[in-house]
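Novice: Structure below; questions to follow.
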Amino acid sequence: MGELAANKTIYRNEFALTPEYTPARVPHREDAVKGIAKQIFRATMGNELTVVSVRGPAGVGKSLVTNVAGRLMAQILRDER
């Protein structure tokens, strides 16, 4: 029984608990993701260069929002090709 208990987990996806995990959707951050993605899009189209500064206290999701925005833009650019 000890071996069985050692292999069980209460989590469906333990990777979701790691800092590297990025969910497909980020509730309540859609405006921030769209704003960053819009700036990246403008820069990739050669229209303008811009600096995006993401500020806030620790743990509010700055890295998460920028990662999701980057992933969104990569998908859009792949779809355009």
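The values are calculated or read from the model by the stated rules, or taken from the named source; none is laboratory data. Fair warning: this is a prediction, and the values are worked out from it, not measured in the lab. Here the Cβ is made from the backbone with ideal geometry for all residues, glycine too, and neighbour counts use every protein chain on show. Please note that ligands, DNA and RNA were not included when accessible areas were found on the heavy atoms of the full protein model with its side chains. Shrake-Rupley method; radii C 1.70, N 1.55, O 1.52, S 1.80 Å.
Novice: How many residues does region 64-81 contain that are touching a residue at least 40 places away in the same chain (Cβ under 8 Å) and of a type in the set (S, T, N, Q)?
Specialist: Number satisfying all stated conditions: 1.
Novice: On to the next question. Kindly provide the set of residues from region 36-51 that are of a type outside the set (Asp, Glu) and free of Cβ contacts under 8 Å to residues at least 12 places away in the same chain, ordered by number.
Specialist: Matches in region 36-51: LYS38, ARG42, ALA43, MET45, GLY46, ASN47, LEU49, THR50, VAL51.
Novice: Just one of the numbered conditions (1) open to solvent by 70 Å² or more (accessible area, probe 1.4 Å); (2) of a type in the set (Gly, Ala, Ser); (3) outside any loop (DSSP other than H, G, I, E, B) is not true of GLY59; which one?
Specialist: (3)
Novice: Can you pull out every residue in region 31-53 that is open to solvent by less than 60 Å² (accessible area, probe 1.4 Å) and assigned to a loop (DSSP other than H, G, I, E, B)?
Specialist: Result: THR50, single match.
Novice: Right, another one. For ARG25, which of the numbered conditions (1) under 14 Å from the mean Cα position of the chain (by Cα); (2) modelled with pLDDT of 85 or more; (3) open to solvent by 80 Å² or more (accessible area, probe 1.4 Å) fails to hold?
Specialist: It is condition (2) that ARG25 fails.
Novice: A further question follows. Looking at (1) under 13 Å from the mean Cα position of the chain (by Cα); (2) open to solvent by 100 Å² or more (accessible area, probe 1.4 Å); (3) at pLDDT 90 or above, which is the only condition PHE15 fails?
Specialist: Of everything listed in (1) under 13 Å from the mean Cα position of the chain (by Cα); (2) open to solvent by 100 Å² or more (accessible area, probe 1.4 Å); (3) at pLDDT 90 or above, PHE15 misses just condition (1).
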